[in-house]
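The structure under discussion appears below in the form of structure tokens.
The values are calculated or read from the model by the stated rules, or taken from the named source; none is laboratory data. All figures in this text were calculated on a predicted structure; none of them were measured in a lab. Counting neighbours? That spans all protein chains shown, and the Cβs are built from the backbone with ideal geometry, glycine included.
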Amino acid sequence: MNIPASHPRLSWTTHGMNIPASHPRLFWNPTRLAAAQAWLTAHPFTASTDLDIAFQSYVSGTSCTTAVNNATSYLVPYDQWKPDAIGSDDYRTTAEPFLLVFDWCYSSFSTTSPGITTLSTSVTPGQDKSLTVSSTTGMFVGEVLKLDGAGAENVIVKQVTGSTTVLVQNVVNSHTSGITITLLSQRDSFIQKFTIWAQSIQQQEWGGTQNSGMKMSNYYWGNMRNEFEIGIITYGDNGSGPGSAPDNLIDNAVVNRWTNQIVANAGANGSLSGGIPHEGIAYGSAQFQYMIIPFFSAKDMGRDLILETPFMKQLLYWTLYSTTPSKTFIKDVDPNATEYFISTWSDDEVTRDHGGILWGRAYIEDGMNAMAQLFAANSPSTNLGPYARYYLNTLGLSIPLNIDPYERLLQKSSSPD
């Protein structure tokens, strides 16, 4: 099932990738779809997360309404997306599932504007601004309002407080009474609010584009992933080609961040040489998981990002050598429990609280699963793919990981390596 977008063309070419006009553009291809359909037929389950709802909707055609409504109303708090904030945990950790919902449930997002209204009193710049309007009919949390006239801008609805009052996250410019306010549709609101957030967050100190000293931080990698995905899924709807908002986001992700920082510093004498997660076993595990969807998606669109740097190969080997060769005691989980364990260093709350990264998070398993598939496909003459698969098979299912959405995507949507 491939949902056509409302564009007369078949694709756009940018940054070495052919972006299809149709959706979904992230992760799915015919082989993965067929594998997922076969698995879902044999293993039906009740979806409990927005990502699982989107998964089932695309794979089997079930309703995506709940996930679409949640994605539409989703908000990153202004204190986390303003340019001078330290960093944004919400954007880094909770945005991606909604980006995938938008892409996989694209046709379920309404394209109808709820209408227009009029600003009744003037408004000045600031955070949490209350707008008095002629009517709030059709407004919803997470909607984007286009303030027309001089200093036109898009603002994001935080709360509809009355029949003629609405609270918005932030206003940049001053506006006089009497201007027209256009209520954007679900689809356009989603596109514009995520673009606003991405453009602002890339200026922040932690994880911002210019802070090259943080290129190994979880903020940096999370923001790089989000910029890539927002650019890909909004391409065409929000402009296209050099200078457009989507193209600028992709450029920031794959040129300024990936090529100029990650690739450029992963050589023999580079600061990233060796594949070691610099932030420690807890935060450093983001290097395994955050770029999974971009790696698969870019490859399907013609660019194999994971092969552009030795870092991911070295990260695979680092994992093999850092894991105990046999099971050992996991005293923080159970004094009598034995399992495989990865040595700890630097920032690490997962060993104390959960008995180790393999018990506390699925990031490394997800990443090794992705590398097993990607390296088996693009480097078949090497042992990279088989090594990653052997590692996963050796760990087995005795490690009590939840079957998180990424495991479902990677394990249930893949053909044999």
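Tell me which residues, restricted to segment 198-225, are assigned to a helix (DSSP H, G or I), surrounded by 18 or more Cβ atoms within 10 Å (Cβ to Cβ) and either in contact (Cβ under 8 Å) with a residue 40 or more places away in the chain or within 17 Å of the chain's Cα centre (by Cα) (or both). Matches in segment 198-225: Ala198, Ser200, Ile201, Asn218, Tyr219, Tyr220, Trp221, Gly222, Asn223, Met224, Arg225. Could you please find all residues in segment 153-163 being exposed (fewer than 14 other Cβ atoms within 10 Å of the Cβ) and closer than 15 Å to Leu183 by Cβ? Matches in segment 153-163: Ser163 only. With the structure loaded, tell me whether Gly385 is assigned to a helix (DSSP H, G or I), touching a Leu at 6+ places or on another chain (Cβ under 9 Å), at pLDDT 85 or above and under 16 Å from Tyr283 (Cα atoms) or whether it fails that test. Here the answer is no, as Gly385 does not meet what is asked. Going by what's in this entry, would Val141 be described as part of a loop (DSSP other than H, G, I, E, B), touching a helix residue (DSSP H, G or I) at 6+ places or on another chain (Cβ under 7 Å) and not polar (S, T, N, Q)? Considered against the rule, which asks whether it is part of a loop (DSSP other than H, G, I, E, B), touching a helix residue (DSSP H, G or I) at 6+ places or on another chain (Cβ under 7 Å) and not polar (S, T, N, Q), Val141 comes out as yes.
Just one of Leu183, Leu145 is in contact with a Pro (Cβ under 8 Å, 6 or more places away or on another chain) and surrounded by 15 or more Cβ atoms within 10 Å (Cβ to Cβ); which is it?
Being in contact with a Pro (Cβ under 8 Å, 6 or more places away or on another chain) and surrounded by 15 or more Cβ atoms within 10 Å (Cβ to Cβ) holds for just one of Leu183, Leu145, which is Leu183.
Here the helices (runs of 4 or more DSSP H) wholly within segment 228-314 that include at least 2 residues being out of contact with any Phe, Trp or Tyr (no Cβ under 6 Å at 6 or more places or on another chain) and in contact (Cβ under 8 Å) with a residue 60 or more places away in the chain are 245-251, 292-300. Only one entry of Gly126, Gly138 meets the criterion of being loosely packed, with under 14 Cβ neighbours inside 10 Å and touching a residue at least 40 places away in the same chain (Cβ under 8 Å), and that entry is Gly126.
Going by the conditions given, is Val59 farther than 16 Å from Gly231 by Cα and either assigned to a loop (DSSP other than H, G, I, E, B) or of a type outside the set (Gly, Ala, Ser) (or both)?
yes
Among residues of segment 331-374 being of a type outside the set (D, E, K, R), outside any helix (DSSP H, G or I) and modelled with pLDDT under 75, the one that is surrounded by the most Cβ atoms within 10 Å (Cβ to Cβ) is Gly355. Go through the residues of segment 84-100 one by one and say whether even a single one is touching a helix residue (DSSP H, G or I) at 6+ places or on another chain (Cβ under 8 Å), assigned to a helix (DSSP H, G or I), without any contact (Cβ under 8 Å) to a residue 12 or more places away in the chain and surrounded by 14 or more Cβ atoms within 10 Å (Cβ to Cβ). Yes, some residue in segment 84-100 is touching a helix residue (DSSP H, G or I) at 6+ places or on another chain (Cβ under 8 Å), assigned to a helix (DSSP H, G or I), without any contact (Cβ under 8 Å) to a residue 12 or more places away in the chain and surrounded by 14 or more Cβ atoms within 10 Å (Cβ to Cβ). Residues of segment 163-197 that are farther than 20 Å from Ser135 by Cβ and in a loop (DSSP other than H, G, I, E, B): Val172, Asn173, Ser174. Here is the figure for segment 315-327: residues that are touching a Phe, Trp or Tyr at 6+ places or on another chain (Cβ under 6 Å) and under 24 Å from Gly207 (Cα atoms) total 0.
Residues considered: Ile306, Ile399. Of these, the only one that is among the β-branched types (Val, Ile, Thr), touching a Leu at 6+ places or on another chain (Cβ under 6 Å) and modelled with pLDDT of 80 or more is Ile306. A single member of Thr66, Thr41, Thr46 is assigned to a helix (DSSP H, G or I) and loosely packed, with under 13 Cβ neighbours inside 10 Å, and it is Thr41.
Looking at segment 242-261, which of its residues are within 22 Å of the chain's Cα centre (by Cα) and either of a type outside the set (A, V, I, L, M) or at pLDDT below 95 (or both)? Answer for segment 242-261, where residues must be within 22 Å of the chain's Cα centre (by Cα) and either of a type outside the set (A, V, I, L, M) or at pLDDT below 95 (or both): Ser244, Pro246, Asp247, Asn248, Asp251, Asn252, Asn256, Arg257, Trp258, Thr259, Asn260, Gln261.
Of everything listed in (1) over 22 Å from the mean Cα position of the chain (by Cα); (2) at pLDDT 95 or above, the single unmet condition for Gly149 is (2).
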